[in-house]
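These notes concern the structure reproduced below.
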Amino acid sequence: MSAVLCTPSCSSPAFTLYSSLSRAAAPFFSLYDNPPHSRRQVLYRRPVGRGIGGVEILSQKRFPDAGKDRRAYLPPDGGRGEAGRSSSAAFKSFEIQKKDRGLVFDLKEQQANDIGDLQDSTFLNAVVKVYCTHTAPDYSLPWQKQRQYTSTGSAFMIGNGKLLTNAHCVEHDTQVKVKRRGDDTKFVAKVLARGVECDIALLSVENEEFWKGVVPLCFGRLPCLQDAVTVVGYPLGGDTISVTKGVVSRIEVTSYAHGASDLLGIQIDAAINPGNSGGPAFNDQGECIGVAFQVYRSEDAENIGYVIPTTVVSHFLNDYERNGIYTGFPSLGVLLQKLENPALRACLKVPSNEGVMVRRVEPTSPAHGVLKEGDVIVSFDGVQVGCEGTVPFRSTERIAFRYLISQKFSGDAAELGIIREGAYIKVQTVLQPRVHLVPYNVEGGQPSYLIIAGLVFTPLSEPLIEEECEDSIGLKLLAKARYSLARFKGEQIVILSQVLANDVNIGYEDMGNQQVLKLNGTRIKNIRHLAHLVDTCKGKYLVFEFEENFLAVLDREAATAASLSILKGYGIPSERSADLLEPYIDIEDNQVSIEEIGDSPVSNLELGFEGLLWA
């Protein structure tokens, strides 16, 4: 049975929607709606974050105008998960022993009895609830925003006036507020940095009242298998803090749903529910060992939750401290094939059972020109690489080769030991974040657009593919999104997303979702380049050449004259996005010779088998 990708909300499942998913095959969206007793049911078409396979991103979503009835459909355990079954000494039960005194309970006596237990768990006070108001861009109508919605998650204090949470908890935020445990005051928080790849966000609260009397959490070491782990947060089922307990099931390089990336992850069997996102996971010593961020739901698997380990968290924090911004995790930019077959190793003149073969090098990668197809990478900074693409990890474990790369920072150098045509040599290369021809997330949060005589141009992106659905995008554009690599930094696939009907564009009204290749014979590099070509055109006509051999010609002066009435008629504030108002700076086009559509996917998510992997 196929796994279900869920985007949890604040109540029970009510709808199942088939939709596209960034670089994953045949996914499902199972959306959660308001309870049937609500006055109005709202189906929100875009989730807070995207997922992979059966991975579920855990934010409680609440929709506007959804009625006053807030009753939620809870699981049989009331949303408490595993907390009721077991707990370490640091997480004692706070259940009040009620004394029957008719219809009156002595609340003062109950509170007094709780004091001893609360003293043992003061570090839980560092865990806060996050309230975020989101306003996501509308990629189909890029000049406007989608309808506002809210979500709740968790966060925790790390000192210096800062908190950590998940990036998907504050995606497209317009307002973020946090509330301490046992307090009824919400404080406004500011998002300092977002790590989309690692699904981590750094928040700050300037109000000093928020920080009084709390002790920030301490980070612990990477746990071992079967170590006890306790997840704390504010999940579905109540407004107070929740504690669930389990053990570490697995530690390996894991697919991160929000950023469509592969980084080290901790798999646990503790119950994680919507709203747990951004909450800390503790070991038995009360040290934070990671951040809860996603679960895997499938008919074939149970109790599979994931925690971002402290190694990834520290990389994010160090990156921010070094650069003042988040620059991202670097990549080698190569497609690798495992060398398990003896005949394949013999053909490549590899003497021992080691190494992975380079099958493709990204043109935008610094390794382009350093590595060649057919090279066999046998070591990375002196660490031997096995024939399955793994390296030693701790004492008796092995982990994917990508783990070593993820420990580096953008701009760091690496020494590679390679076998080329039977000879062993060492080469140096610089590591930089990958350049995606079709980005998973849009920089700045708002897509670029350009409207020329009613023709709406915008760059192709994964959020646009999701919003438009694969059927309307077309197979050729999807193939380019899945299989083509950027030939130079800054390259984009610019498409005509729709035509706003007007007398000046008669005959072109049915065009849509086609890539524009040239304007007046000049090949288009990106949407900034297209805007520059339009602005500097002095000829009588604007001649657009499209992917499907279609030609669209506009009278330049007529197009300019009609623009104002078109914008006014469709209620569009400007003919172009704000970023296209800046002066154009030409980018270097290396003109790398590469097929329009490659022969291998651009992501590990579509490889289909484990013989190939991107690093």
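The values are calculated or read from the model by the stated rules, or taken from the named source; none is laboratory data. Here the structure is a predicted model, which means the values were calculated and not measured. All Cβ positions, glycine included, derive from the backbone under ideal geometry; neighbour counts span all protein chains shown. What goes into the accessible areas is simple: the full protein's heavy atoms, side chains included, and nothing from ligands, DNA or RNA. Shrake-Rupley method; radii C 1.70, N 1.55, O 1.52, S 1.80 Å.
Structural remarks
- Scanning the stretch 161-191 for residues that are within 24 Å of residue 287 (Cα to Cα), open to solvent by 20 Å² or more (accessible area, probe 1.4 Å) and touching a residue at least 12 places away in the same chain (Cβ under 8 Å) yields a total of 6.
- If the condition is being touching a Gly at 6+ places or on another chain (Cβ under 8 Å), closer than 29 Å to residue 198 by Cβ and aliphatic (A, V, I, L, M), then the stretch 313-370 contributes 313, 336, 356, 357, 358, 361, 367.
- Within the stretch 309-339, the residues that satisfy the criterion of being assigned to a loop (DSSP other than H, G, I, E, B) and exposed (fewer than 15 other Cβ atoms within 10 Å of the Cβ) are 324, 325.
- Among residues of the stretch 528-570, those that are more than 38 Å from the chain's Cα centre (by Cα) and among the basic types (Lys, Arg), counted: 3
- Residue 203 vs. criteria more than 23 Å from residue 445 (Cβ to Cβ) and among the aliphatic types (A, V, I, L, M): no
- Answer residue from the stretch 269-288, given it is polar (S, T, N, Q) and over 27 Å from residue 391 (Cβ atoms) and is most open to solvent (accessible area, probe 1.4 Å) among those: 285
- Residue in the stretch 415-422 that is surrounded by fewer than 16 Cβ atoms within 10 Å (Cβ to Cβ), small (Gly, Ala, Ser) and farther than 24 Å from residue 534 by Cα present: yes
- Filtering the stretch 187-226 to residues that are among the charged types (D, E, K, R) and closer than 20 Å to residue 177 by Cβ leaves 190, 194, 206, 208, 209, 212.
- Those residues of the stretch 462-493 which are out of contact with any strand residue (DSSP E or B) (no Cβ under 9 Å at 6 or more places or on another chain) and farther than 22 Å from residue 335 by Cα, in sequence order: 465, 466, 467, 469, 470, 471, 472, 475
- Scanning the stretch 319-355 for residues being free of Cβ contacts under 8 Å to residues at least 24 places away in the same chain and of a type outside the set (S, T, N, Q) gives a total of 8.
- Candidates 244, 240, filtered to the one that is within 24 Å of residue 152 (Cα to Cα), without any contact (Cβ under 8 Å) to a residue 60 or more places away in the chain and among the polar types (S, T, N, Q): 240
- Residues of the stretch 424-446 classified as touching a residue at least 24 places away in the same chain (Cβ under 8 Å) and under 23 Å from residue 361 (Cβ atoms), total: 14
Residue by residue, here is whether (1) of a type in the set (A, V, I, L, M); (2) in contact with a helix residue (DSSP H, G or I) (Cβ under 7 Å, 6 or more places away or on another chain) holds:
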site: 497; (1), (2): no, no
site: 500; (1), (2): yes, yes
site: 514; (1), (2): no, no
site: 541; (1), (2): no, yes
site: 545; (1), (2): no, no
site: 559; (1), (2): yes, yes
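- Listed by position, the strands (runs of 3 or more DSSP E) contained in the stretch 447-531 that have at least 2 residues being under 21 Å from residue 584 (Cα atoms), open to solvent by 50 Å² or more (accessible area, probe 1.4 Å) and touching a residue at least 60 places away in the same chain (Cβ under 8 Å) form an empty set.
- The stretch 353-395, residues that are open to solvent by 60 Å² or more (accessible area, probe 1.4 Å) and part of a strand (DSSP E or B): 359, 368, 384, 392
Yes/no matrix, rows are residues, columns are (1) buried (at least 21 other Cβ atoms within 10 Å of the Cβ); (2) at pLDDT 95 or above; (3) in the same structural domain as residue 217 (by the TED database):
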site: 243; (1), (2), (3): yes, no, yes
site: 254; (1), (2), (3): yes, no, yes
site: 258; (1), (2), (3): yes, no, yes
site: 267; (1), (2), (3): no, yes, yes
site: 290; (1), (2), (3): yes, yes, yes
site: 296; (1), (2), (3): yes, no, yes
site: 301; (1), (2), (3): no, no, yes
site: 307; (1), (2), (3): yes, yes, yes
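Residues are listed down the side, and each one gets a yes or a no for (1) closer than 21 Å to residue 146 by Cβ; (2) out of contact with any Gly (no Cβ under 9 Å at 6 or more places or on another chain); (3) in the same structural domain as residue 535 (by the TED database):
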{"residue": "420", "(1), (2), (3)": "no, no, no"}
{"residue": "426", "(1), (2), (3)": "no, no, no"}
{"residue": "441", "(1), (2), (3)": "yes, no, no"}
{"residue": "462", "(1), (2), (3)": "yes, yes, yes"}
{"residue": "478", "(1), (2), (3)": "no, yes, yes"}
{"residue": "502", "(1), (2), (3)": "no, no, yes"}
{"residue": "508", "(1), (2), (3)": "no, no, yes"}
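- Candidates in the stretch 396-414 are the residues that are part of a loop (DSSP other than H, G, I, E, B) and more than 20 Å from residue 256 (Cβ to Cβ); of these, the one that is most open to solvent (accessible area, probe 1.4 Å) is 396.
- Residue match in the stretch 564-585 (condition: free of Cβ contacts under 8 Å to residues at least 60 places away in the same chain and among the aromatic types (Phe, Trp, Tyr)): yes
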